[in-house]
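Each value in this text was obtained by applying a stated rule to the coordinates, not by laboratory testing. These numbers come from a predicted model, not from an experiment. Note: ideal-geometry Cβ built from the backbone for every residue, glycine included; neighbour counts use all protein chains shown.
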Amino acid sequence: MLHSAADQQFEAGSLLSGGDKTDYGAVSNLSLLDTVDSPITLSWQDIRVSAPKINRDILHGVSGIANPGELVALMGASGAGKTTLLNTLVARNLKGLQVDGSVKVNGKVIGREITSVSGYAQQEELFVGTLTVKEYLSIQARLRVVEIPESKKGTATSLEEYRKNRVLKVLANLNLLKCQNTRIGVIGVKKGISGGEARRLTFACELLSNPALLFCDEPTTGLDSFMAESVIQVLSTLSTANRVHGTRLDSQLASVTEGRMPEKRRQANICTQINALLQRATIDTIRNPSLTRAKMIQKSVMGLFVGLLYFQTKLDAIGVTNINGALFYLVCELTYSTLFGILNFLPSDFPLVAREYHDGLYSVLSYYVARCLSYLPLFTIDGLAMLLISYWLVGFQSAWDQVLLACLISFLIEQSSSAFGIMLSCVSPSFPIAMSSAGPLLTLLSLTGGLYANVGALPSFISWIQYLSWFRYGFEAFTINQWRKVDSPNWNSTNTQEVMQNLSFTESMFLWDMIIMAAYIVFFYTIGYIGLLIRIKRAR
Ligand SMILES: Nc1ncnc2c1ncn2[C@@H]1O[C@H](COP(=O)(O)OP(=O)(O)OP(=O)(O)O)[C@@H](O)[C@H]1O
């Protein structure tokens with residue numbers, strides 16, 4: 001159990017002299033690199049936390065106070081409840097726990113709004129590993145620093161310049177200049193900055209906005225004693241020593257009067273958010289070329305394969321069947337690899353996005369728009385490459401308008417699949433569930449797509465599925481585009497009608513096919529967004 005915090009206020013020196021093996025969390029009430037405009041007194045009284053489901057008490061009435069300029073360390077053995085206390089103070093990660101007691105900022109209970117007046121350097125480091133330290137911080141600065149503070153108005157001519165200066169200052173103060181151009185890396189996947197540098201980068205992000213209050217969970221865990229000392233030195237330097245020694249905790253708590261509330265941190269406007277997140281996601285996609293390379297190679301090979309399999313198909317009865325087969329294959333190929341390639345959309349980003357959202361950095365909509373836009377070029381160009389490689393090899397009808405419309409249909413099919421995959425990824429509780437539901441759903445949609453079974457002869461209890469299937473709309477649009485105008489003296493409009501009748505397709509549906517696919521894209525993206533919003537909001 002964690003004892004009363006009265007026993008647990010240490011300055012950094014005495015904390016370190018306790019031995020570098022001790023676990024601790026820290027509440028750093030900062031007069032930072034720059035002075036804080038509105039200082040904060042944080043107090044907590046009689047905090048009790050229990051896990052009702054397992055009938056377990058975790059914290060039994062903990063009280064404490066952090067005055068402006070103080071570095072308060074919470075010390076205790078592993079499992080004592082330090083993280084639980086920090087989480088309670090910042091109203092985060094409390095699912096399944098019952099919390100009693102009060103947490104006050106300048107004498108007032110502000111609940112979850114504490115996030116907007118403080119920073120929280122959590123134990124688990126989450127970054128975008130493909131970015132360099134400076135790139136990552138610069139993007140964080142665009143999200144976290146939305147105006148030049150009153151006291152710094154004369155120091156920079158523009159917000160952009162202030163952000164740049166701030167990034168450099170934080171890099172310098174946290175001793176990160178040496179590694180500013182090093183890629184962050186991913187533990188166990190790609191070596192990047194060291195553990196100590198990663199820890200300091202976590203603080204650096206939080207310090208950009210000059211918060212009056214900084215919570216740090218296990219700031220030195222996993223670091224060697226030299227690095228641990230350097231981190232604590234940094235925290236110590238950032239705080240100024242104006243603690244009250246010798247006064248009893250209860251009298252300090254009683255003396256906290258309701259004061260002026262610090263100004264809440266504002267979010268950057270939505271354009272800045274989308275811009276910064278799009279830049280981050282695009283760099284990540286470009287520097288993480290395995291997906292790009294795999295998709296481009298796969299689609300080019302498949303385009304070549306289709307081209308050679310159906311090479312210069314003749315326009316006789318067998319040829320018509322083959323060309324329809326080739327068109328349906330293109331629909332499948334535009335769907336399957338796209339969908340399975342994008343199903344990992346959410347799982348890889350979720351922890352970081354949930355944390356940054358609850359840190360108040362941006363809206364879920366900004367993230368969603370930026371991430372979807374970042375995928376758009378790749379999930380368009382690869383499909384077009386396959387289509388165009390196979391187009392003249394097969395001998396599809398190649399009047400310029402037919403080629404352009406085929407490209408548009410290919411785009412709509414791939415986007416339908418991509419939006420469907422993003423929707424599945426966002427609404428499924430886990431990646432394996434998304435994966436295992438994608439297979440059967442695609443089977444149903446492809447079986448009713450118009451090639452395997454004639455859409456006019458499907459049993460009525462299953463026929464309705466075709467109207468949910470972009471396979472059907474895409475295939476119909478492709479075939480109408482192919483057969484409505486054929487460059488051959490042996491072909492006439494009767495032949496076109498025959499092909500349409502054989503497939504139970506209607507020529508006049510051409511425009512509707514594309515409109516319906518576009519509507520489904522909007523629908524899938526919207527449901528995906530709602531799913532993501534609900535999941536991220538629940539992940540506090
Ligand atoms: N949501 C929860 N449900 C059940 N038990 C929990 C929950 N959260 C924490 N606990 C339990 O509460 C105790 C305190 O956990 P906490 O993570 O706060 O400890 P800690 O002091 O930070 O430990 P460490 O130094 O090892 O990180 C642990 O025994 C943990 O298993």
- 5 angstrom amide H check on PHE215, placed H, neighbours 5+ away: SER28, GLY119, TYR120, ALA121
- How big is the gap, in Å, between the Cα center of the range 179-220 and the Cα center of the range 449-498? 56
- Note on the structure: So the FRET efficiency between ARG266 and LEU309, C-beta based with R0 = 60 Å and rounded to 0.05, is 0.55
- Item | Nearby lysines by direct alpha-carbon distance to LYS169 (threshold 30 angstrom, same-chain neighbours under 8 apart not counted) | LYS134, LYS152, LYS153, LYS178, LYS190, LYS191, LYS264
- So which lysines can LYS314 reach, going by Cα to Cα under 26 Å and dropping same-chain residues fewer than 8 places off? LYS299, LYS485
- Query: Using θ = phi - 60° and the Karplus form 6.51 cos²θ - 1.76 cosθ + 1.60, what ³J(HN,Hα) does each residue of the range 298-304 get, whole Hz, x for Gly and Pro?
  - Reply: 4, 5, 5, 5, 5, x, 5
- Kindly provide log₁₀ I(q)/I(0) values, in the same order as q = 0.13, 0.14, 0.18 Å⁻¹, from the Debye equation applied to equal alpha-carbon scatterers of the range 400-466. -0.52, -0.60, -0.85
- Based on other C-beta atoms within 10 Å, arrange TRP400, TRP470, TRP392 from fewest to most. TRP400, TRP392, TRP470
- Message: Can you tell me the length gained on complete extension of the stretch GLU124 to LEU511, counting 0.36 nm per residue apart and subtracting the Cα distance?
- Response: 134.2 nm
- Residue exposure sequence - PHE524, PHE311 - by fewest surrounding Cβ within 10 Å: PHE311, PHE524
- ³J(HN,Hα) across the range 441-454 via Karplus (A = 6.51, B = -1.76, C = 1.60, θ = phi - 60°), whole Hz, x for Gly/Pro? 4, 5, 4, 4, 5, 6, 5, 9, x, x, 9, 5, 9, 5
- Note on the structure: Summing -39500 (n - 2.57) over every DSSP H run of at least 4 in the chain, dividing by its residue total and rounding to the nearest 500, the 222 nm mean residue ellipticity is -17000 deg cm²/dmol
- Message: How charged is the neighbourhood of VAL146? Take every other residue with its Cβ under 11 Å from the Cβ of VAL146, and add Lys/Arg as +1 and Asp/Glu as -1.
- Response: +4
- Query: For the range 476-536, what ratio Rg/Rh do Cα atoms give with a Kirkwood hydrodynamic radius?
  - Reply: 1.29
- Task: Sequence neighbours fewer than 8 away in the same chain don't count; with that in mind, list the aspartates and glutamates whose C-alpha is under 20 Å from LYS108.
- Result: ASP37, ASP46, GLU70, ASP100, ASP250, GLU258, GLU263
- Message: Please report the equivalent ellipsoid semi-axes of the chain, computed as sqrt(5 x eigenvalue) of the Cα gyration tensor, largest first, in whole Å.
- Response: 59, 24, 19
- Note on the structure: Interchain or sequence-distant (5+) residues whose placed amide H lies within less than 5 Å of the amide H of VAL62 are ASP46, ILE47, ARG48
